[in-house]
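What follows is one structure encoded as structure tokens, with my remarks underneath.
The values are calculated or read from the model by the stated rules, or taken from the named source; none is laboratory data. Because the structure is a prediction, the values reported are computed rather than measured. Here the Cβ positions follow ideal geometry from the backbone for every residue, glycine too, while neighbour counts run over all protein chains shown.
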Amino acid sequence: MLLSRRDLLRKSLTLGTATVSANFAPSLLLDLLAAQTDPLAFTNVTVIDATGAPALPGRTVVVVGDRIETIGKFREVKLSKNATVIDASGKYMIPGLWDMHAHFRGGADLIPDNEAWLSIFLAYGITGVREMGGDIPETVFRWRAEIANGTRLGPRILSSGPKLDGPKPDWPGSIPITDVASARAAVDKVKSMGADFVKIYSRDFPPDVFAAIVDEARKQGLSVGGHLPFMTMTTRDAINGGIRFIEHASLFVLGGCSRSEKQIDDEVVARRESKTPMSWVELMYDYAQTFDEDWARELTGELVQHDVWVTPTLAAMKGNESLGRVDYEQHPDRKYIFPGIWKTWDPKTGLRHPFRDDQLEQLKLADEKTATLIKLMQTRGVGLLAGSDSGATNSYRFPGWTLHEELKLLVESGLSPTEALQAATRNPARFLGELPRSGTVEEGKTANLTLLTANPLEDIRNSKKIDAVVLKGKILSRADLDHMLEDVATKAAAANG
């Protein structure tokens, strides 16, 4: 006898088999998720709610619609007769994760390559992605709308649309800005496109242009952040000038910890057109050599005072340092990367190239001082956000996998596993002004959840051990996630010929 889709779904949930998922295309999986109307009840689960409270073992978590309705002690929660019950004994429930710095880009030819990443992010427990600028914004905004209305499967997307850059942008698709008028026009343009925030990139926005961007964005209800124009203003100037978020701590925050910041940046400008321009490595090394912990402490106070958030992207720097020294053809996620993006990652054909041995020596000091800064920011109350910087041209920053590497590096920098998890869960919700309704595992909040097979508070690397993902109240079993990854691998293999 043929089973209905609803019966097949219930069978896959209760038995945990792969047979149902393995036979269905992604479009049918969407149908199956839409058919999930009964409450979900996770029984005997350990809840790690990301509020900072200790883990809560032996709980029943009931999800109704897209909300967490009840969290109570196992066997003390009365379940409705139509509830789909998932035995979560030995499992750990955390909020769905955010990757707060990723890119969808590479031009029209790489749209399928980027589209596949939506499935990969979900399979790694990532239910939200902050997209930090690229050259396929119309496509990204369409994905954002389709995911929101339930016609596409993927994590929630927030996006800046195109980056705002100087007269000669570094990246395709960025909007060139030459003066105050074009600065205001650029903000108006990204707002009209549907941007969720403004991403700045130029190293040398004049102060009046920077002020115009911030002012116009404020009028349009958008926040501003990204890279800092360190050639024309100090880190403190940017903080006091209205920046809301700063990306890449090892460069754009580390400089503010040096009392010599202005002199170092002036040297960058002086050597810019010379035969020996200052490299990023030399710049970070100079910042690290002149790192002053008392000055850094003052800087963190200003970050807190002005509510400026920082996305460290530690894994991105580690990825750069590994170029030419790690055989990424052997990486377990190699099979999910399409040839177009892989080519942009290859040191022989892509944008980035291996560092020299002497540069790696310099980066050791920069990494050490950055770790000191990360711990200081956490201790002083600066809002930290976990981001991978995954994207075309950003070599071997595998989607999903790199976000979990970032959590590990945050712990190695001195954060507790709870604090690292918060950087990908509670903190993004607070940053977005959504903490009352999301970001933690609490009653009444949106049911974006990740179920793990091991405790991440004992070892943060257990955040990768994903058993299921709940997306707005709809469960994706391990079998479903595996099917999604198999589908990506099949398409990537076909694209590779």
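With closer than 17 Å to Gly400 by Cα and in contact (Cβ under 8 Å) with a residue 40 or more places away in the chain as the only criterion, which of Leu384, Leu363, Leu314, Leu373 stands out? Before you say what the answer is, go through the steps one by one.
Working: Leu384 fails: closer than 17 Å to Gly400 by Cα; Leu363 fails: closer than 17 Å to Gly400 by Cα; Leu373 fails: closer than 17 Å to Gly400 by Cα.
The match here is Leu314.
Regarding region 129-144, can at least one residue be identified that is at pLDDT 95 or above, among the small types (Gly, Ala, Ser) and out of contact with any His (no Cβ under 8 Å at 6 or more places or on another chain)? Working first, answer last.
First, pick out the residues of region 129-144 that are at pLDDT 95 or above: 129-144.
Add one more test, that the residue is among the small types (Gly, Ala, Ser), and what stays is 133-134.
Filter again for out of contact with any His (no Cβ under 8 Å at 6 or more places or on another chain), leaving none.
Scanning region 129-144, I find no residue that is at pLDDT 95 or above, among the small types (Gly, Ala, Ser) and out of contact with any His (no Cβ under 8 Å at 6 or more places or on another chain), so the answer is no.
Filtering region 130-164 down to residues that are under 23 Å from Lys189 (Cα atoms) and among the basic types (Lys, Arg), which residue is nearest to the chain's Cα centre (by Cα)?
Here the residue is Arg130.
Within region 330-340, is even one residue closer than 22 Å to Ser463 by Cβ, of a type outside the set (Phe, Trp, Tyr), out of contact with any Lys or Arg (no Cβ under 7 Å at 6 or more places or on another chain) and buried (at least 20 other Cβ atoms within 10 Å of the Cβ)? Spell out how you get there, then give the answer.
Residues of region 330-340 closer than 22 Å to Ser463 by Cβ: 331-337.
Cutting the leftovers down to of a type outside the set (Phe, Trp, Tyr) gives us 331-335, 337.
Now narrow it down to the ones that are out of contact with any Lys or Arg (no Cβ under 7 Å at 6 or more places or on another chain): 331-335, 337.
Then keep just the ones that are buried (at least 20 other Cβ atoms within 10 Å of the Cβ); that gives 337.
So far as region 330-340 goes, yes, one or more of its residues are closer than 22 Å to Ser463 by Cβ, of a type outside the set (Phe, Trp, Tyr), out of contact with any Lys or Arg (no Cβ under 7 Å at 6 or more places or on another chain) and buried (at least 20 other Cβ atoms within 10 Å of the Cβ).
What is the residue count in region 66-97 for residues that are closer than 16 Å to Ala468 by Cα, part of a loop (DSSP other than H, G, I, E, B) and among the β-branched types (Val, Ile, Thr)?
Final tally of qualifying residues: 0.
Cβ-Cβ below 6 Å, separation at least six or inter-chain, first residue in region 425-443 and within 25 Å of Lys73 (Cβ to Cβ), second basic (Lys, Arg) and in a helix (DSSP H, G or I): which pairs?
Between residues of region 425-443 that are within 25 Å of Lys73 (Cβ to Cβ) and residues that are basic (Lys, Arg) and in a helix (DSSP H, G or I), the close pairs are Gly439/Arg426; Thr440/Arg426.
Which numbered condition in (1) surrounded by fewer than 22 Cβ atoms within 10 Å (Cβ to Cβ); (2) among the polar types (S, T, N, Q); (3) under 22 Å from Met317 (Cβ atoms) is the only one that Gln263 fails?
Here Gln263 meets the rest and fails (3).
Residue by residue through region 92-109, note down the ones that are under 16 Å from the mean Cα position of the chain (by Cα) and of a type in the set (Phe, Trp, Tyr). Let's see the steps before the verdict.
Going through region 92-109, the residues under 16 Å from the mean Cα position of the chain (by Cα) turn out to be 95-105.
Passing the criteria: Trp98, Phe104.
May I ask you to say which residue of Ser390, Ser463 is closer than 24 Å to Gly340 by Cβ, buried (at least 24 other Cβ atoms within 10 Å of the Cβ), in contact (Cβ under 8 Å) with a residue 60 or more places away in the chain and in contact with a Pro (Cβ under 8 Å, 6 or more places away or on another chain)? First the steps, then the outcome.
Details: Ser463 fails: closer than 24 Å to Gly340 by Cβ.
From the options Ser390, Ser463, the qualifying one is Ser390.
Looking only at region 348-359, which residues are within 12 Å of Gly324 (Cα to Cα) and either under 27 Å from the mean Cα position of the chain (by Cα) or not in a helix (DSSP H, G or I) (or both)?
The answer is Lys348, Arg352, His353, Pro354, Phe355, Arg356.
Only residues that are in a helix (DSSP H, G or I) and either farther than 23 Å from Pro428 by Cβ or of a type outside the set (A, V, I, L, M) (or both): list them for region 241-253, please. Spell out how you get there, then give the answer.
To start, the set of residues in region 241-253 that are in a helix (DSSP H, G or I) comprises 249-252.
Across region 241-253, the qualifying residues are Ser250, Phe252.
Of everything in region 321-347 that's within 23 Å of the chain's Cα centre (by Cα) and basic (Lys, Arg), which residue is farthest from Asp389 (Cα to Cα)?
Lys335
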